[in-house]
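The values are calculated or read from the model by the stated rules, or taken from the named source; none is laboratory data. The model shown is predicted, which means the values in this text are computed figures rather than measured ones. Cβ placement follows ideal geometry from the backbone for every residue including glycine, while neighbour counts extend to all protein chains displayed.
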Amino acid sequence: MTSDEQAVHRRDFLRLLAMLGAGATLTPGVAEAAPEKGGFPLVARGKAATLVVSSGDKPGVRRVAGDLRDDIERVTGIRPELVFDRPPESGPVVLIGTIGHSPLVDDLVAARKLDVAGIAGKWETSLSQVVDGRLVLTGSDQRGVIYGVYEVSRRIGVSPWYWWDDVPVPAADELFVSGARFSLGTPHVKYRGFFINDENPALGTWAPAHFGPGHAPGFPNGFTSAFYAKVFETLLRLRGNYLWPAVWGRAFAEDDPLNHATAKEYGVVMGTSHEAPMMRGIEEWNRHASPGRDPYGGTGEWSFRRNAEAVKAYWADGIRRMVREDFEGVVTLGMRGNGDVSLPDGDGIELMREILAAEREILARETGRDPATVPQVWTLYKEVLRYWEKGLRPPDDVIVVFTDDNWGNIRKHPDPALPRHPGGYGLYYHFDYVGGGRNYKWVDTNLLPNVWEQLHQAVAYGTDRLWVVNAGDMKGNELPLQFFLDYAWDPSAWPLERLSTWERGFAETNFGRGTAAAIAEVLHTYGRLQSRRKPELLNRRITPGTPIVYDDQATPFSLVNYRELDVVTEEWRQLSAKAEKISARLPETYRDAYYELVLYAVKASANLYALRQAEFTNLLYAAQGRASANALAAATEARFADDLALAEKFNTGIAGGKWRGFQTQPHIGYGDVARYGPNAPWQQPEKDNVALPDEIFPAVRRIAVPEPAELGVAIDGSEQWWPAAPGTPVLPEFSPFQSAPGQYVDVFNRGRTPFRCTVTADVPWVRTEPRGGRVDEQLRVAVSVDWSRAPRGTIRVPLTVSGAGREVRVEAVVRNPELPASWRRGFIEAGGYVSMEAEHCTANLGTAGVSWRHIPDIGRTGGGMTPFPVTSASQAPGAGPRLEYRLTLFTPGTVTVWAYLSPRSNVLAGDGLRYAVSFDDADPQVVNITKATGADDMTMNRQWEWTTSDNVNLTSTRHALGTPGPHVLKFWMVDPAVVVQKLVVDTGGLRPSYLGPPESVRLGR
C-alpha cells in the first residue's frame, strides 16, 4: 500500500470503530486520527508521549507498558520512551499503574483527582481517563491494567492476532486519545482461557523448529518460555487470563524451567487439564515414575488404590513447586487414568472421596493455608460426571466444572432446584477433539450460532466461575476462540441479534473496512457449511441397522438422491471462488493473514469436497463399468495434489516461511484398519498417505475399458445400471410441486468407441434435453414435464434409450394432482414427502412467557427453533408452546414424521430431553431424544457417535391420517434445550440422504 492508501485505510478503520459502538471486538473509540477538543496526543507532530510506570508495580503491568510502546511504534513508526517512577517535567505523559501498587496512581487518588469508586476492589476492572493533562491507564488489579492498555492497542489498530496470524498494522502519523472516563467493566466469567491440546503433529512440529534447539539450547521440544510468551500475550490481548498448557509428551514445568516464571511475569493464571491433578501434568509422572526407579518410592503405577503413597508424594511436589515459584494458579482436583482415560481403579464413589480428601490435606500442609483460600477446580469430564450424579460433592470452595460431550454439546447444567454450590460452576468446552467418532483437528469446524446457544445456556444456568476451551493448536481456531473469550467477558454485549456484528467486527479488526462485510459473509458461510459434518468424516457412512454398521469406504452424502453430494460440493466451490476474489482485492500486505485466517481453510475444505466427490463417484462409476471412471480417478489424484500444495503454501509460501511444518495435520486417510490398527475408525493416520497419491483411502479404482462401444443407462435415484440390473428403471416421481433438482437419465459408454444415442418419451409433454447425441464417455439427459399440457392424475410414461445396438426402457412416474383453492396454503407434498425447515413455521404460539425462538443458521440446512427462556420449566405434552406447520398431503394413511434436532445431551435434572408431535387435533406423541439415541449415556457409545458425527439427532413418530388435503403438524415443547432444525413427513417416497430432501414448495406464505 502507498502512504496515501494507508492513511485512507486508517481513517476508515477508525470511522468504523465509532459506527459499531460498544462491544468486545470493536468497542467505543478511544483513539482518534485527528485531535479533538481535550484530546490527549499519544503521537503528535512527530513526537510520542512518554510512558511511565512504577518500578514497584506488578510484573505484568511493568511488562505490558513495553507492549504499548511497541504497538505505538508499529502504528506510527515512532517509538515512545518508557521510564520508571519519575514522569518527565514536560510533554505528554501516559501513567500506567495498578490501584494500590502504583504511587503514580495512588497519589492522584489521594489528591482526589482520580475517582476510582466502582473500580477499586473489583476483579480485573480497568479505567482510563485524562487527569491534569496526563492519560492515566489504571485498574483494580494488574490484569485490569493490562486489559486497559491492550484496549488502547486494539483501538489504534493492533489486532490481537498481529503475531499469530501476521495481521498487518494500519499506519497513522498521529494518534489522539479521548479524555473521557472509560472502563471495560468487570468480566462476567472470573477465569477465562483455553487449553492447548491435541497439538501433534501441527504445533508439535512447528514449535521445535521455531523455538527449539536453535533458539533455546537444551530444550528441544520447543514448548519453551519464548513460545509461551507469545501464547500469554495473545491470551491477554483477547482478555483471557487462564491457560491449560500443552500435554502430549509435554511437561510445562520441565520443558523450560522459566515457563512458570514467564506466566507470572505476564500475569497469567496457570492451571492443568482435567486429567492432571495438583498442578502437575501427567507427562511428569511418565518421565520419572517407572517400576524399579520411581523417585517417590512406589511401583510406577498411576493408581491411587495400589500406589497411593507415591502418587500423594508426587502431588505434594507439585504444590510445593507452586508455593516456591509463587505463581498464580488454579489447582485441579480429582484423578483420571493415565492417558486421559477412566481410572483403572474403578469408579467407586468412596475411592474418589478419598482422593479428594488426600488432595485437600496436601494443599493445607504444603501451602500452610486454609485450602479454601487456594482456587481449585474439579472437572466432571466423561465418567467423572457420574460421581456428581451419585451425590458426591467437593468442598464448598471448589469450582465444579461441567463439560460438553467433546463435540460442542454441554452435558449437564446445575440443577436450579438444588442449593447452589458455593464454589460456583465452570465449563470445559471443545473446539478440537481426539476420540470417537473421529478426531477433528484440522481446521475450524465450529458454527458460531451453535457456540452462542450453548454458552448462552451456560450463563443462564449460572455457570460463570471458570470457562476453558480446548483450542487444539490455537492457530486455526482463532474466530471461535475470540468469540468464546468475548462472550465470557460480557454475554450481554453479544445477544443473538448481534452475531453478525461480531463477525463483521472480527473481519474489520484484521482486514480493514473495505472488505469486512464480504469477509464476514465468507466466514459465516464457511461455518455453516463446515458444521454439516467434520471434514475428517467425509469418508464415513453409517448404514442403518442393528447393530449400527459403519462403512468407511462410502460418502455420507448421497451420490444419487437429490444430487446431494453434487449440490454440497458446488456450494463449497462457489464459496472458494468468492474467497479467492476477495484475496485478489486485498492489499498485498494483508494476503498472508488472509490465507492464515480465511483462505486456506476455505480453499482446502472446498478442495477436499471436490476430492471426495471425484473419489466416490469414481467408485460408483467403476462398479458400473463407465469409461469415465478412470478420468475421475485422475481427478481425485489431482485434488490430492492440490491438498498438498495448499498445505505447502501455508508451510513455506507465506510470512517468509514462518509457519513451516505447521500445516501437517492428517485429514484424509482415516479408517484403514489394516494399515493403522483397531483405532483407525477414529484415530488419525500417521500421514495423509503422502508417499503415493493412489494410496488415498479408500483407493480409487481404474478399470480396463474394452474397445467396442457398449450402452449403459443409469437414472436419478439409483446406483444400479441397465440393462444389467433386473426390471425396468423407474425415475423418482415427477410433481408440479417438486423442489428437488430435476430428474435425469445418464447414458454412458462402457467401451472406448463413441456411439450415438437417442432418448425419447412416448408423450409430447415429457421432455428430454438433449434428446440424444454423441456419447464418448457419458451424456446426462434432463427429463422434465410440461405441466401446462400434462393430464391430471398419476401416469407412468415410458422413455426409450437407444444406442450402440441396445435399448433400455425407463419409466417416468408423473403425478399431477388436483389442488383445490382451499388446499393452496402451506407446504405441498411432492415426491412422496413434505420437507420443512423448522424456522419456516406457520405459527409460533407461546404460553406464559415461554415461546420458541429462531436461531439463524444453527441447523445443517437452515435455522433452528428452541424454547426460550432456556431455563423454562418443562411443560405437559400438548399444553406448552408449539410450532405449527400447515401442509397439504395427497397420500392418506400412515406417515412418518422425522425430526432433525441438534444432538444435545440431557442437560436437565430429569430423565431426558423431550418434544411432542401431533397432527390436527390428535393427542401428541412424546419423544425422549436422549433416551431414543443413547445420547445421555456419555460412555462414548455408538449411538452417540452417530448423532455427533452427523451433527443431528434424527428421531421419528408415526401418525395415521385418514384423509388427504390440508393438515396442521404441531411440534410441542416439553423440555427446554431442544433445538429442532428440520421436519420431514414421509408419505412413502422419501429417499435416503444425509441432509434430508430439499425444502418443499410452500404456497400462500
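Quick look at the values:
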quantity	calculated
Matching option when the condition is charged (D, E, K, R) and free of Cβ contacts under 8 Å to residues at least 40 places away in the same chain, among Glu508, Glu497, Glu503	Glu497
Residue within segment 443-465 that is within 20 Å of the chain's Cα centre (by Cα), basic (Lys, Arg) and not assigned by TED's automatic domain parsing to the domain that holds Trp944 present	no
Test: Ala263 is touching a strand residue (DSSP E or B) at 6+ places or on another chain (Cβ under 9 Å), surrounded by 24 or more Cβ atoms within 10 Å (Cβ to Cβ), assigned to a helix (DSSP H, G or I) and touching a residue at least 24 places away in the same chain (Cβ under 8 Å)	yes
Unique residue being surrounded by 24 or more Cβ atoms within 10 Å (Cβ to Cβ), touching a helix residue (DSSP H, G or I) at 6+ places or on another chain (Cβ under 8 Å) and outside the structural domain of Tyr242 (by TED's automatic domain parsing) when the list is Gly144, Gly100, Gly157	Gly157
Candidates Arg320, Arg324, filtered to the one that is over 14 Å from Gly281 (Cβ atoms), in contact (Cβ under 8 Å) with a residue 24 or more places away in the chain, of a type outside the set (Gly, Ala, Ser) and out of contact with any Phe, Trp or Tyr (no Cβ under 7 Å at 6 or more places or on another chain)	Arg320
Unmet criterion (only one of (1) in a loop (DSSP other than H, G, I, E, B); (2) touching a helix residue (DSSP H, G or I) at 6+ places or on another chain (Cβ under 7 Å)) for Ala417	(2)
Which listed residue is hydrophobic (A, V, I, L, M, F, W, C), at pLDDT 90 or above and at positive phi, from Ala629, Ala655	Ala655
Hits in segment 954-975 (condition: assigned to a loop (DSSP other than H, G, I, E, B), surrounded by fewer than 23 Cβ atoms within 10 Å (Cβ to Cβ) and of a type outside the set (Val, Ile, Thr))	Gly962, Pro964
Positions within segment 797-831 being surrounded by fewer than 20 Cβ atoms within 10 Å (Cβ to Cβ) and in contact with a Phe, Trp or Tyr (Cβ under 6 Å, 6 or more places away or on another chain), in sequence order	Pro817
Those residues of segment 725-744 which are part of a loop (DSSP other than H, G, I, E, B), on the phi < 0 side of the Ramachandran plot and without any contact (Cβ under 8 Å) to a residue 40 or more places away in the chain, in sequence order	Ala725, Pro726
Some residue of segment 242-252 being hydroxyl-bearing (Ser, Thr, Tyr), crowded, with 21+ Cβ neighbours inside 10 Å and touching a strand residue (DSSP E or B) at 6+ places or on another chain (Cβ under 6 Å)	yes
Condition met for Gly66 (within 22 Å of Val167 (Cβ to Cβ), modelled with pLDDT of 95 or more and surrounded by fewer than 20 Cβ atoms within 10 Å (Cβ to Cβ))	yes
Cβ pairs under 9 Å, 6+ apart, first in segment 557-584 and under 18 Å from Asn539 (Cα atoms), second of a type in the set (A, V, I, L, M) and surrounded by fewer than 17 Cβ atoms within 10 Å (Cβ to Cβ)	Phe557/Val567
Matching strands (runs of 3 or more DSSP E) fully within segment 749-795 where at least 2 residues are within 17 Å of Ala709 (Cβ to Cβ) and of a type in the set (Gly, Ala, Ser)	772-775
Test: residue in segment 490-501 that is over 15 Å from Pro856 (Cβ atoms) and among the hydroxyl-bearing types (Ser, Thr, Tyr)	yes
